[in-house]
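The structure under discussion appears below in the form of structure tokens.
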Amino acid sequence: MILAHVRLRRRVSLLAAGALEGPEREETRRHVEACARCREEHDALRAVVAALEADPLREAEPPVPLAFLVGRVEREVAQAHAPAGRPRRWLVALPVGAALLAAAVLVPVLVARLRPAPEAARAEIPPAEASPLLTEDALSRIERNLAREHAARYLSDAGEVLVSVAATGVDCDPADERLDVGRAPERSRELLERRALVVQGGSEAVASARGVLDDVELALREVADLPSCVKRRDVERLRREVEDRQLLMRIRLMTRELEG
Amino acid sequence: MEPSQGGAGDRELMARLARGDREALAPLMEKHYRRLYRIALSYLRQPDDALDVVQEAFVRAFQSASRWDGSAEAGPWLARITVNLSIDRWRRNRRRAQTFTPLAESDHAASLADLGPSPDRRVQGRETGERLTAALRVLPERQRAVVVLRHYQDMSLEEIASALDMSLGTVKSSLHRALSRMRANLVGGQP
């Protein structure tokens with residue numbers, strides 16, 4: 001009996017954990033029924049297991065929609081797989097555009113200075129047409145791409161702010177059921193200032209994003225008006241609104257579209 | 001454990017990830033993100049940290065897909081990544097808490113107790129959550145992982161051994177010791 005007790009002691013825990021099967025389970029169960037000390041231990045361990053099984057975390061739902069999480073993972077993956085040191089396209093486009101603009105202005109001036117006195121017919125040709133470096137079309141394309149890159153970054157940043165509010169679980173005043181939303185209101189105000197530039201700077205280029213931009217603006221205005229310590233029900237209301245409008249998924253899709 | 005919706009589907013998605021197909025991420029995440037979130041949350045007891053861990057787990061999955069053994073199930077493999085990342089995060093948080101402001105026990109427990117599927121369950125689970133958090137946090141990292149996979153994911157001991165890369169005997173010992181220790185903390189008595 002003593003030898004059996006020593007041998008089966010570990011199994012009592014496993015029986016309580018529901019982790020034994022077949023003959024092993026039967027043998028241990030019979031021993032527990034016969035051994036008062038093991039029965040006491042088994043019952044106490046069952047209480048532990050019951051407490052674990054009653055833990056509400058077993059059924060906890062992620063605080064953000066799947067679409068948002070997918071977006072975050074895809075961004076991480078894209079960044080990790082970008083060639084080292086490769087800047088974003090808009091960072092490339094900006095200096096290239098500036099260089100082309102400078103060339104468009106300077107080249108005709110330099111050419112004019114280096115040439116002998118121009119013939120009257122040639123002097124009538126406008127400088128822009130004299131330069132093959134930058135056409136109106138090329139300039140438009142650069143401007144359009146820049147506008148779309150800015151809009152994509154704006155939407156992506158707005159998505160981060162909305163999720164930071166929706167996902168907050170940090171109490172700032174547990175007695176009053178208030179949650180800490182950190183810098184989200186301040187960041188929303190900054191983003192709303194950026195929005196004007198995004199919309200005015202590229203109204204044609206971002207026309208397809210207008211619906212999402214409008215809904216994002218509404219949501220950001222609500223966040224911008226919040227204090228940093230917010231009533232839980234206000235956070236939940238905002239989360240529901242974002243979900244009802246499928247805003248995070250639309251942001252993700254539109255960001256991808258704008259980034260081409 | 002929540003039912004896996006077909007290893008074959010997972011295998012196909014993993015094969016696509018291994019080829020660098022990012023479009024395979026969304027369907028793979030749809031199948032597994034809830035379960036991985038619950039693993040991370042059960043371990044870390046903080047939703048923000050758990051969400052970060054799930055995100056990182058899928059990034060790692062994408063990066064390591066080419067090294068994934070095609071004959072294995074993706075579910076336990078993802079669970080292993082999630083547990084390891086949760087342990088890393090736990091260590092980092094502990095170091096930070098030691099270096100900066102120690103997290104008050106009551107604050108931690110309160111944030112845990114706010115989590116739950118519904119307000120009723122939240123209220124009901126508040127006390128349970130507080131006690132469990134206190135009992136789980138004193139367990140060694142691997143013992144804690146065994147408890148989480150067994151009692152929050154209903155994984156068999158063999159599946160746990162595979163997910164944690166441990167022998168079956170070590171899993172049994174770990175579960176025995178963890179429950180005995182938790183018993184001492186929750187119910188009273190010798191560990």
For A:ARG30, work out the one condition from (1) more than 8 Å from chain B (Cβ to nearest Cβ); (2) under 18 Å from B:SER180 (Cα atoms) it doesn't fulfil. (2)
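Would a scan of the range B:53-73 turn up a residue that is small (Gly, Ala, Ser) and farther than 19 Å from B:GLU12 by Cβ?
Taking the range B:53-73 and keeping what is small (Gly, Ala, Ser), we get B:57, B:61, B:64-66, B:70-72.
Filter once more, keeping what is farther than 19 Å from B:GLU12 by Cβ: B:57.
Among the residues of the range B:53-73, at least one is small (Gly, Ala, Ser) and farther than 19 Å from B:GLU12 by Cβ, which makes the answer yes.
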Please work out which residue is farthest from the other protein chains (Cβ to nearest Cβ), limiting yourself to the range B:165-179 and to residues that are surrounded by fewer than 21 Cβ atoms within 10 Å (Cβ to Cβ) and of a type outside the set (Val, Ile, Thr). B:ASP165
B:HIS108 versus (1) within 14 Å of chain A (Cβ to nearest Cβ); (2) modelled with pLDDT of 80 or more; (3) in a helix (DSSP H, G or I): which is the lone unmet condition? (2)
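Can you tell which of A:LEU226, A:LEU197, A:LEU191, A:LEU253 is surrounded by 17 or more Cβ atoms within 10 Å (Cβ to Cβ), out of contact with any Ser or Thr (no Cβ under 9 Å at 6 or more places or on another chain) and not polar (S, T, N, Q)?
Working: A:LEU226 fails: out of contact with any Ser or Thr (no Cβ under 9 Å at 6 or more places or on another chain); A:LEU197 fails: surrounded by 17 or more Cβ atoms within 10 Å (Cβ to Cβ); A:LEU253 fails: surrounded by 17 or more Cβ atoms within 10 Å (Cβ to Cβ).
So the residue among A:LEU226, A:LEU197, A:LEU191, A:LEU253 that is surrounded by 17 or more Cβ atoms within 10 Å (Cβ to Cβ), out of contact with any Ser or Thr (no Cβ under 9 Å at 6 or more places or on another chain) and not polar (S, T, N, Q) is A:LEU191.
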With the condition kept exactly as written, say whether any residue in the range A:242-253 is more than 27 Å from B:ARG45 (Cα to Cα), free of Cβ contacts under 8 Å to residues at least 24 places away in the same chain and not hydroxyl-bearing (Ser, Thr, Tyr). yes
Of (1) modelled with pLDDT of 80 or more; (2) at the interface with chain A (Cβ under 9 Å from one of its Cβ atoms), B:GLY129 satisfies all except one. Which? (1)
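Quick grid of which residues meet (1) under 16 Å from A:ARG245 (Cα atoms); (2) within 14 Å of chain B (Cβ to nearest Cβ); (3) in contact with a Phe, Trp or Tyr (Cβ under 9 Å, 6 or more places away or on another chain):
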residue	(1), (2), (3)
A:ALA158	yes, no, no
A:SER164	no, yes, no
A:ASP173	no, yes, no
A:PRO185	no, no, no
Scan the range A:200-237 for residues that are of a type in the set (Ser, Thr, Tyr) and either modelled with pLDDT of 85 or more or not in a helix (DSSP H, G or I) (or both) and report the count. 2
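Just to be sure, is A:VAL181 within 14 Å of chain B (Cβ to nearest Cβ), touching a Ser or Thr at 6+ places or on another chain (Cβ under 7 Å) and among the aliphatic types (A, V, I, L, M)?
Judged against the criteria, A:VAL181 is a match.
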Which of the residues spanning the range B:12-48 are without any contact (Cβ under 8 Å) to a residue 12 or more places away in the chain, part of a helix (DSSP H, G or I) and facing chain A (nearest Cβ under 10 Å)? B:GLU23, B:ALA26, B:GLU30, B:ASP48
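The values are calculated or read from the model by the stated rules, or taken from the named source; none is laboratory data. Keep in mind it's a predicted model, so treat the numbers as computed, not measured. Positions of Cβ are generated from backbone atoms using ideal geometry, with glycine treated the same way; all protein chains shown enter the neighbour counts.
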